[in-house]
1. Which number in (1) closer than 30 Å to residue 27 by Cβ; (2) in contact (Cβ under 8 Å) with a residue 12 or more places away in the chain marks the one condition that residue 85 misses?
2. Hey, does region 53-75 have a residue that's surrounded by 15 or more Cβ atoms within 10 Å (Cβ to Cβ) and under 30 Å from residue 4 (Cβ atoms)?
3. Residue 25 - would you say it is closer than 12 Å to residue 10 by Cα and surrounded by 10 or more Cβ atoms within 10 Å (Cβ to Cβ)?
């Protein structure tokens, strides 16, 4: 398993797809578990996540997009507030805001 490159692995994964979204999503989730400790795990898991996203119903995709957009707005707001505090030379406050944001993103 470890001697295969990313393209070979993804080729194998996609060749196992049936065209039935429910079956394929379950298959991809199982495959993700199989490759979570692989040296290309980050790339494989991201690619599998994108595959799953393409198979989801449009309403679920829209909900995920809305949640993502809300999260991006939240992060942008914190960064904007930190910039303002830097401008006002409130460096400790800016640092506190950014550190708090980074901690929340680690979860």
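No value in this document is a laboratory result; all are computed from the given coordinates. Here the structure is a predicted model, which is why all the values come from computation and not from measurement. Neighbour counts are summed over all protein chains in view; Cβ atoms, including those assigned to glycine, are modelled from backbone coordinates with ideal geometry.
1. Tallying (1) closer than 30 Å to residue 27 by Cβ; (2) in contact (Cβ under 8 Å) with a residue 12 or more places away in the chain, residue 85 fails exactly one: (1).
2. Of region 53-75, the ones surrounded by 15 or more Cβ atoms within 10 Å (Cβ to Cβ) are 55.
Then drop every residue that is not under 30 Å from residue 4 (Cβ atoms), which leaves 55.
Yes, some residue in region 53-75 is surrounded by 15 or more Cβ atoms within 10 Å (Cβ to Cβ) and under 30 Å from residue 4 (Cβ atoms).
3. Taking the combined requirement at face value, the residue does not satisfy it.
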